[in-house]
Amino acid sequence: MKLDILTLPDKRLKTVAQPVEIFDNELKSLVKNMLETMYDAPGIGLAATQVDVHKQVVVIDVSEEKNQPLCLINAKIIKKGGQQISEEGCLSVPEIYAKVKRAEFIEVEAQNEQGEYFTLEADELLAICIQHELDHLIGIVFLDHLSPLKRKMALKKLEKDAR
Ligand code: NI
């Protein structure tokens, strides 16, 4: 089932997500629906916050063929290093793109849909995507990383496009 994606300036995007404690069928169908919504959009990542579910769940697929779905539950970045600057966009911030500075590589500890723990090392686009999606879970969108002036300009464009 496709879910509705919240867009700025919706205040619900600022909600801080809670950890997942119960790994049941409800969680599995949330993940399935989030993947469907992400592929349909189309996007390379989606956080539960964006579909108004305030649990620490993100789905990602940065593969060319869109056949490598990744689900991170209760994810924490346990190591990070380096620096990369890349243009980002977001399904919750339509038509706006801006350069954001992120860590170049990260190591993440997370749980899968069964609740099993795993660690993942990521760099390049996957590292960017994970950092972007985990930001959503604490109420941050990529525009929040811009200078106040650049953020203001982006928000103005967003307002104009919405009209
Ligand atoms: Ni986003």
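What is the set of long-range amide H partners of GLY45 at a cut-off below 5 Å, with H atoms built 1.01 Å from backbone N?
ASP61
Which far-off residues, 5 or more places away or on another chain, put their amide H under 5 Å from the one on LEU146, with H placed in the peptide plane?
none
Place +1 on the Cβ of every Lys and Arg and -1 on the Cβ of every Asp and Glu in the range 11-162, take the dipole about the Cα centre, and give the residue among TYR117, PRO148, SER86 whose Cα lies farthest towards its positive end.
The listed residue farthest towards the positive side: PRO148.
Filter the GluC sites (Glu not before Pro) in the range 65-163 to those in DSSP coil with at most 13 other Cβ atoms within 10 Å of their Cβ, and list the result. Don't skip to the end; give the middle numbers.
Values: sites: GLU65, GLU87, GLU88, GLU95, GLU104, GLU107, GLU109, GLU113, GLU116, GLU121, GLU124, GLU133, GLU159; in loops: GLU65, GLU104, GLU113, GLU116.
Passing sites in the range 65-163 are GLU65, GLU116.
Which links in LYS99/LYS160; LYS28/LYS157; LYS28/LYS79 stretch past 25 Å when you go from one Cα to the other?
Working: LYS99/LYS160 21 Å; LYS28/LYS157 37 Å; LYS28/LYS79 28 Å.
Flagged as over cut-off: LYS28/LYS157; LYS28/LYS79.
Could you work out the Rg to Rh ratio of the range 1-71, with Rh taken as the Kirkwood radius (inverse of the mean 1/r over all Cα pairs)?
0.96
If you take the square roots of the eigenvalues of the alpha-carbon gyration tensor of the range 74-146 and sort them as a ≥ b ≥ c, do you get rounded (a/c under 1.5), prolate (a/b over b/c) or oblate? Show your work: numbers first, answer last.
Numbers: a/c = 2.41, a/b = 1.48, b/c = 1.63.
Oblate, since a/c reaches 1.5 and b/c is not below a/b.
Roughly what % of DSSP beta bridges within the chain run antiparallel, to the nearest 5? It would help to have the intermediate numbers written out before the result.
On the way: 26 of 27 bridges.
The antiparallel proportion sits near 95 percent.
State log₁₀ I(q)/I(0) for the range 11-162 at q = 0.17 Å⁻¹ as given by the Debye formula over alpha-carbon point scatterers of equal weight, solvent excluded.
Listed by q, the Debye log ratios stand at -1.00.
For ASN67 and ARG151, what does the FRET efficiency come to when R0 = 25 Å and r is the distance between their Cβ atoms, rounded to the nearest 0.05?
0.10
Quick check: residue separation of ARG12 and ALA162 times 0.36 nm, minus the Cα distance between them. What number comes out in nm? Kindly include the intermediate steps, with their values, before the conclusion.
Numbers: separation 150, 0.36 × 150 = 54.00 nm, distance 1.81 nm.
Length gained between ARG12 and ALA162: 52.2 nm.
So if we plug the beta-carbon distance of ASP52 and LYS32 into 1/(1 + (r/R0)^6) with R0 = 25 Å, what FRET efficiency do we get, rounded to 0.05? Please report the intermediate quantities before stating the final value.
Working: r = 17 Å, r/R0 = 0.67.
For ASP52 and LYS32, the calculated efficiency is 0.90.
Which distance in Å, rounded to a whole number, links the C-alpha centroids of the range 86-163 and the range 1-53?
Value for the Cα centre distance between the two parts: 14 Å.
Quick one: compute the contact order of the chain, relative version, from alpha carbon pairs under 8 angstrom and 6+ residues apart, as a percent. Spell out each step's value before the answer.
On the way: 297 pairs, mean separation 38.1, N = 163.
Reported relative contact order: 23 percent.
Put a dot 7 Å past each Cα toward the Cβ at PHE23 and LYS101; how far apart are the dots in nm?
Between LYS101 and PHE23, the label points sit 3.8 nm apart.
Values quoted throughout were computed directly from the atomic coordinates according to the rules given, and no laboratory measurement underlies them. Owing to the predicted nature of the structure, the values given are computational and were not obtained by experimental measurement. Neighbour counts run over all protein chains shown; Cβ positions are idealised from the backbone, glycine included.
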